[in-house]
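Working notes, structure below.
No lab work stands behind these numbers, since they all come straight from the coordinates. Predicted model, so just to flag it, every value in this text is computed and none were measured. Backbone-built Cβ (ideal geometry, glycine too); neighbour counts: all protein chains shown.
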Amino acid sequence: MAEQDQKNKKGFLATANGQPSTDEFIKGLWRDNPVFVQVLGMCPVLAVSNTAMNALAMGLATTFVLLMSNILVSSLRNFIPKQVRIASYILIIATFVTITDYLIQAISVELHKSLGAFISLIVVNCLILSRAEAFASKNTIGKSIQDALGMGVGFTFALFCLGAVREVFGSGSIFGFSFFPENFQDWVVMILPAGGFFTLAIWLLIFNGAKQRKLKTS
Amino acid sequence: MSEQNPVKTTGDTSSFKMLRAMVGIGLACALLIVLTYEGTLPRVKRLRAEALEKAIFKVIPGTETKQTFSYTSEGGFVKQEGEAEAGSQLVYAGYDEQGELVGVAIEASGMGYADVLRIFYGYNPVDQTVIGFHVLESKETPGLGDKIEKDANFLANFEALDVSLNEGFSALENTVIPVKQGEKDKPWEVDCITGATISSRAIGNIIGSSTEHWVPIIYNNLESLATADEQ
């Protein structure tokens, strides 16, 4: 315990040898990407990724909730008894989701309308609870921040990959800017739920193919 | 994972410690939520008012100022000052630069394909026509049902939709009805969209039932709506 405290005092990014490390951040982006590797939080991934803007907004909202809940869970990890830890984590996560809901309403009523019920459903996104239980409750605040940012950015990146492809083919535009010729027939299926599954499958193929290739070459 | 600090799994945890943790976290969370709500409320209200104003100006082209009116149980309109009580029946009168009444924006709702559709439409009492239409809330299928917001031919229905009153000014001469795409030949018919049939029919029916209720009331109370207050 004393050794742990000593390490904590060295700073957010300190490792055993005192050198800064960003391992916890990097892993969420690629090795343990929450969507392409862990396949977590599929409900918002498939439902809200019909446009690039919706995908980006949902990704950032989830990142904010993940970051704040990881900070609080990590800070209170010695204060919360084991028996009530899950209830406490849900309470903390639900609080930050409610705060995010108010903040998005204050940023743009239109954006809030297009994200709809999926903002409230961040509460039951298994990604957030899994990071609280598996990581933040056992690690320092600094590492928990890195973990949350890595997972959040990885989640946002994956959502954006899906949202961009679906908007380009489903609406013939990206961020509302149209670039296809006028006679381009939109692939309506791409902005329907089925299009979400197709796009996710293609991205999983690409991601895993790239991983396999990297493994072979190394 | 050599730097992990695992949760203590041994030893008895007293009820007091559990209670302290839950109550403490609960109170802190409640405080955070209340502070955020209070902090964001003024801006949220302002944005909602702006969105409403934008919708009113869209459904009544040529509007420069607006005034909210509440329909009373005695059968007349009174100016609505401040926030309306829940359940109030509101209409929004739009005026031009000279303060002349251009039209009245009315909110209506009804069941669409996926969920309740909330819309705004503009009524011109001089021409006795519906002159604009805007969707306030819709959960219709993207790419199909949401054509009601984008399809130019469908939106053209609401540029001069006939809602003339009968000779006694007590009811509509002809109720607005939805018809199949391409079959519109009367000025009170709404040409629907193939591929978004249920949603576009729903809009026709919502406007039909709402105009049946509101148009005679507004037309017979035009004097109380005709004066503008700068807003």
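The residue list A:G163, A:A148, A:L72 was ranked by how far each Cα lies along the charge dipole of the stretch A:23-163 toward its positive end, using unit charges on Cβ atoms, and A:L72 comes out on top.
For the pair B:F169 and A:C43, label points projected 7 Å from Cα toward Cβ lie 5.5 nm apart.
Counting, for every residue in A:105-118, the Cβ atoms of other protein chains within 10 Å of its Cβ and taking the mean gives 3.
Measure out, as a whole number of angstrom, how far apart the alpha-carbon centroids of the stretch B:155-193 and the stretch B:25-73 sit. Comparing the Cα centres of the stretch B:155-193 and the stretch B:25-73, I get a distance of 33 Å. Among residues other than A:S49 with Cβ under 11 Å from its Cβ, the summed charge is 0 (Lys and Arg +1, Asp and Glu -1).
Along the axis of the charge dipole computed for the protein assembly as shown (Cβ charges of +1 for Lys and Arg, -1 for Asp and Glu, origin at the Cα centre), the listed residues B:V78, B:T175, B:G112 are led at the positive end by B:G112. Under the simplified labelling scheme, the B:S209-A:E133 pair shows an inter-label distance of 4.6 nm, with each label point 7 Å from Cα along Cα→Cβ.
Inverting the pair-averaged 1/r between distinct Cα atoms of chain B gives 20.7 Å as its Kirkwood hydrodynamic radius.
The mean number of partner chain beta-carbon atoms within 10 angstrom of a residue's beta-carbon across peptide A:186-199 is 2. Counting only alpha carbon atoms, the long axis of helix A:141-171 and the longest principal axis of chain A meet at about 0°.
Per residue, the convex hull around the alpha carbon atoms of the protein assembly as shown comes to 190 Å³. Helical runs (DSSP H, four residues minimum) scored at -39500 (n - 2.57) apiece and divided by the length of chain A put the mean residue ellipticity at 222 nm at -21000 deg cm²/dmol.
In chain B, the sites counted are GluC sites (Glu not before Pro) in DSSP loop states with at most 16 other Cβ atoms within 10 Å, and the longest stretch holding none of them, exclusive of the sites, is B:4-63. The length gained on full extension between B:L19 and B:R43, counted as 0.36 nm times the residue separation minus their Cα-Cα distance, comes to 5.0 nm.
Distance from the C-alpha centroid of the stretch B:87-129 to that of the stretch A:191-212: 45 Å, rounded to the whole angstrom. Applying a threshold of 21 Å to the alpha-carbon distances of A:K143/B:K17; B:K147/B:K180; A:K138/A:K214 flags A:K143/B:K17; A:K138/A:K214 as lying beyond it.
Under 21 Å of direct C-alpha separation, and excluding same-chain neighbours fewer than eight residues apart, B:K79 reaches these lysines: B:K45, B:K54, B:K66.
For chain B, adding -39500 (n - 2.57) for each run of n ≥ 4 DSSP H residues and dividing by the number of residues yields -11500 deg cm²/dmol at 222 nm.
Charged side chains reduced to their Cβ positions (Lys and Arg at +1, Asp and Glu at -1) give the protein assembly as shown a dipole of some 3640 debye around its Cα centre. When only Cα pairs below 8 angstrom with a gap of at least 6 residues are kept, the stretch A:23-163 shows a relative contact order of 50 percent. Net charge in the neighbourhood of B:L101 (other residues with Cβ under 12 Å of its Cβ; Lys, Arg +1, Asp, Glu -1) is -3. Residue separation of A:S173 and A:V123 scaled by 0.36 nm, minus their Cα-Cα distance, works out to 14.9 nm of gained length. Rounded to the nearest 0.05, the FRET efficiency derived from the C-beta distance between A:I206 and A:N183 at R0 = 25 Å is 0.30. When chain A is treated as a Gaussian network with alpha carbon springs shorter than 10 Å, the biggest mean-square fluctuation among A:P181, A:P44, A:P81 belongs to A:P181.
Proximity of backbone amide H atoms, modeled 1.01 Å from N, is registered between B:I131 and B:G122, B:Y123, B:N124 at under 5 Å, excluding neighbours fewer than 5 places apart on the same chain. What the Cβ-Cβ distance of B:Q98 and A:D23 gives, at R0 = 60 Å and to the nearest 0.05, is a FRET efficiency of 0.30. Excluding the site residues themselves, the longest part of chain A lacking any chymotrypsin sites (Phe, Trp or Tyr not before Pro) in a DSSP loop with at most 16 other Cβ atoms within 10 Å is A:80-174. Shielding value for B:43-51 is 3, the average number of Cβ atoms from other chains within 10 Å of each residue's Cβ.
Panel note: the C-alpha atoms of the stretch A:23-163, placed on their principal axes, show extents of 41, 31, 21 Å (largest first). FRET efficiency for the pair B:I198 and A:K214, taken as 1/(1 + (r/R0)^6) with r the Cβ-Cβ distance and R0 = 35 Å, rounds to 0.10.
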